[in-house]
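One structure is given here, and the rest of the page talks about it.
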Amino acid sequence: MTEQRYRHEMRRMIDRALQLLERGELTWKAVAQWFEAYRVPFEGTCRVLSPYARK
């Protein structure tokens, strides 16, 4: 149950970070640092941020 709660919280944080990124309130580099602080797996960070890194 704890693992599921952790994943849910991580998903909410990722969604929030992407909203801020899309609005221009954060850079993709700042979002990557935020993900690292929350221990988002590197593969997940790459998958989520790769479309924004190309802009």
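Laid out as a table, the results:
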item	result
Protein accessible area in the chain, 1.4 Å probe - carbon and sulfur %	53
Helix 42-53 vs. the chain, principal-axis angle (Cα, 0 to 90°, nearest 10)	30
On Cα atoms only, tilt of 28-37 relative to the major axis of the chain in degrees	20
By accessible area with a 1.4 Å probe, ligands and nucleic acids excluded, highest first: order of V31, V48	V48, V31
Per-residue [θ]222 nm for the chain (sum of -39500 (n - 2.57) over DSSP H runs n ≥ 4, rounded to 500)	-26000 deg cm²/dmol
Accessible area per residue in Å² at 1.4 Å probe, computed on the chain	83
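The values are calculated or read from the model by the stated rules, or taken from the named source; none is laboratory data. Remember, it's a predicted structure, so these values are computed and weren't measured experimentally. Side chains included, ligands, DNA and RNA excluded: accessible areas come from the protein's heavy atoms. Shrake-Rupley method; radii C 1.70, N 1.55, O 1.52, S 1.80 Å.
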